[in-house]
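For reference, the structure discussed in these notes is given below.
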Amino acid sequence: MTGQLCMHGAARAVTGSSHEVVLAAETVLVDCGVFQGEPDAAARNRRAPIDDVAALRAVVLTHAHLDHVGRLPLLVQRGYCGPILGHPATLAIAEIVLRDAAKISAYDGSGSYRLDDVDATIAQFAPVSYGARQSVADRVDMTLFDAGHILGSASVLLESKGATILLSGDLGRRGTPILRDPNRTYPPFTRVDHVVIESTYGDREHPSSSAIEDRLRDVLRRALEDGGKVLIPAFSIGRTQELIYHLRAVAAEGELAGERAGVPIIVDGPMGLEITALYERFLDAWDAESLALRRAGAGPFSFDGLYGARTPRASELARTIEGPAIIVAGSGMCTGGRILAYLEELLPDERTHVLFVGFQAKGTLGRTLVNGARKVVLSGKTIPVRARMTTLPGLSGHADRRELLAWLAGVPGVRSVFVGHGEPEACDSLADAITRSLGIPAVAPAESQPQSLGT
Ligand code: ZN
């Protein structure tokens with residue numbers, strides 16, 4: 001056998017990405033994320049994805065979302081002292097994400113690592129640029145390709161004499177603001193034997209993203225007509241920056257939002273603001289359109305009427321603003337974060353609009369509100385819901401079925417595909433589509449079930 005793949009997370013499920021790849025007898029781990037939302041997630045998150053850290057030659061990160069990096073400190077705690085490779089932006093975001101995770105776990109007592117474990121982890125970070133082929137073990141080379149999902153996100157190509165494998169990481173949508181589209185061109189003579197592909201939306205197609213600003217304008221017009229506030233729950237990494245980009249375009253027209261319209265746009269929360277500052281730092285990962293905007297002095301992350309509320313005091317002040325305002329705050333599914341205080345105060349007001357821009361998982365407050373609950377319990381109090389709920393479709397950090405198939409069709413020489421990072425229906429549906437429409441054998445392996453990587 002030339003190689004082996006073991007998906008220790010995100011196998012017939014979405015979270016916990018950690019893929020052990022053995023090529024030429026060298027072991028590389030791609031991602032080391034936490035499980036989220038599953039009943040036994042907390043217990044599973046106390047275990048490292050692999051026990052034998054001594055055999056591990058390198059860890060490579062596709063991107064810095066917690067479900068891809070959250071268990072890194074556990075590896076280091078257990079004695080892993082090799083490199084943790086990723087795009088420089090991924091490593092910078094991972095630093096913020098891991099420090100935050102350590103603080104939260106210390107706070108709620110769930111912690112399996114502390115800040116000093118995170119410090120030790122960060123000391124092992126080794127930045128790698130897109131397209132720069134480099135050795136990660138004696139007989140294995142690695143190259144990162146832009147995955148267009150969040151800043152620094154990458155697909156990881158691992159090459160040995162015996163076999164080559166490309167792990168997609170999370171793939172973004174074409175045309176996502178700021179980011180370049182997922183890579184479609186590979187160096188000459190690249191031959192990829194095996195692919196691991198995500199399938200979050202493997203069984204679905206998104207509405208077109210091209211008209212997103214028109215839909216946003218419509219929603220804001222309706223929402224602001226009666227002078228209320230628009231609350232937008234949004235993830236700090238990726239979605240917040242995308243929203244700022246679109247709100248800038250609307251504010252530039254001077255009619256509905258921003259300084260001239262007299263409707264402030266407030267981004268509330270230190271994490272969203274810190275990540276936005278990082279987006280400003282890594283201009284080499286931006287697409288041409290956003291760079292042109294920036295050169296023309298048109299943001300996209302600073303413009304008149306855009307404010308940040310970093311401290312709790314600033315957040316408190318933002319909540320007392322009279323008149324219409326647009327507030328972007330985490331968490332994206334209303335499961336915690338600064339959005340909760342706004343909801344507590346503004347849900348009883350019928351002039352309030354809550355605008356959902358992302359997927360709301362079962363069991364979250366976001367889902368309850370989207371489903372039309374007339375009252376909710378917040379901080380132990382029953383709050384009547386008179387606010388109106390609106391969903392803005394089309395904003396998604398993940399490629400849909402059509403885009404996933406198109407990305408895969410562009411990878412040269414693929415002989416077998418492993419589908420992961422999706423609910424079972426999405427995994428199976430995409431695997432089936434790959435086999436039928438591209439003629440490539442595809443399976444969705446169970447967790448930790450070894451898959452042979454032959455040539
Ligand atoms: Zn992600």
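Quick look at the numbers
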read-out	value
Residue among L151, L167, L157, L220 that alone is crowded, with 21+ Cβ neighbours inside 10 Å, of a type outside the set (D, E), in contact (Cβ under 8 Å) with a residue 12 or more places away in the chain and in contact with a His (Cβ under 7 Å, 6 or more places away or on another chain)	L167
Some residue of region 331-348 being of a type in the set (S, T, N, Q) and within 16 Å of the ligand (Cβ to nearest atom)	yes
Those residues of region 51-82 which are over 16 Å from the mean Cα position of the chain (by Cα) and assigned to a helix (DSSP H, G or I), in sequence order	V53, A54, A55, L72, P73, L74, L75, V76, Q77
Of residues in region 133-159 being part of a strand (DSSP E or B) and β-branched (V, I, T), the one farthest from the ligand (Cβ to nearest atom)	V140
Subset of region 304-323 (residues that are open to solvent by less than 40 Å² (accessible area, probe 1.4 Å) and either in a loop (DSSP other than H, G, I, E, B) or acidic (D, E) (or both))	G305, G323
Scan of region 80-139 for residues that are modelled with pLDDT under 95, open to solvent by 30 Å² or more (accessible area, probe 1.4 Å) and of a type in the set (G, A, S), ordered by number	A106, G109, S110, G111, S112
Any chance A251 is open to solvent by less than 30 Å² (accessible area, probe 1.4 Å) and either touching a Lys or Arg at 6+ places or on another chain (Cβ under 6 Å) or part of a helix (DSSP H, G or I) (or both)	yes
Tally, over region 277-294, of residues that are in contact with a Phe, Trp or Tyr (Cβ under 9 Å, 6 or more places away or on another chain), part of a helix (DSSP H, G or I) and under 14 Å from L151 (Cα atoms)	6
Contacts under 7 angstrom Cβ, first residue in region 362-381 being on the phi > 0 side of the Ramachandran plot, partner of a type in the set (D, E) and surrounded by fewer than 17 Cβ atoms within 10 Å (Cβ to Cβ), 6 or more apart	S379/E344
Selection count where residues are surrounded by fewer than 24 Cβ atoms within 10 Å (Cβ to Cβ) and within 16 Å of the ligand (Cβ to nearest atom), scope region 42-66	1
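The values are calculated or read from the model by the stated rules, or taken from the named source; none is laboratory data. Please read these numbers as outputs of a predicted model, since none were measured by experiment. Note: ideal-geometry Cβ built from the backbone for every residue, glycine included; neighbour counts use all protein chains shown. The area values use the complete protein model at the heavy-atom level, side chains included, leaving out ligands, DNA and RNA. Shrake-Rupley method; radii C 1.70, N 1.55, O 1.52, S 1.80 Å.
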